[in-house]
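Derivation of every value follows stated rules applied to the coordinates shown; laboratory data play no part. Note that the coordinates shown come from a computational prediction; the quantities given were computed from them, not determined experimentally. Cβ coordinates were reconstructed from backbone atoms using ideal geometry, including for glycine residues, and neighbour counts include every protein chain displayed.
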Amino acid sequence: MLAIRLPTDIEQRLDALAKATGRSKSFYVREALLEHLDDLEDVYLAERRLEDIRTGRARTYSLEEVERELGLED
């Protein structure tokens, strides 16, 4: 179970949507989370990877290096 506090205007919009559609507010909150959770995770992972590159814990590879390593050179 999760309890969250929403700004009044968001709560009112969510309430209006639920009443207009006959669905619960929980349904729409769950849908919104499912829709955006992948994006939030991707941003977090990208930021972490960028920090690894900046600090030297990871490196980047050029397209030419990848092609050569995979035997895809022309």
FRET efficiency, 1/(1 + (r/R0)^6) with R0 22 Å, evaluated for Leu45 and Glu73 via beta carbons: 0.15
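Given 0.36 nm per residue, what is the gain on full extension from Glu64 to Ile4 after removing their alpha carbon distance, in nm?
Fully extending the segment from Glu64 to Ile4 adds 16.7 nm.
Note down the magnitude of the dipole of the range 9-70 about its Cα centre, charges +1 on Lys and Arg C-beta and -1 on Asp and Glu C-beta and zero elsewhere, to the nearest 20 debye. The partial results should precede the final answer.
Working: 11 positive and 16 negative charges, 65 e Å.
Roughly 300 debye for the range 9-70.
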Diffusion constant of the chain at 37 °C, which comes from Stokes-Einstein with the Kirkwood Cα-pair radius and 0.692 mPa s, µm²/s: 199
Separation of the Val29 and Arg54 label points, Cα + 7 Å toward Cβ, nm: 3.4
Given charges at Cβ of Lys, Arg, Asp, Glu: the range 9-70 dipole, positive-most of Leu34, Leu14, Thr55: Leu14
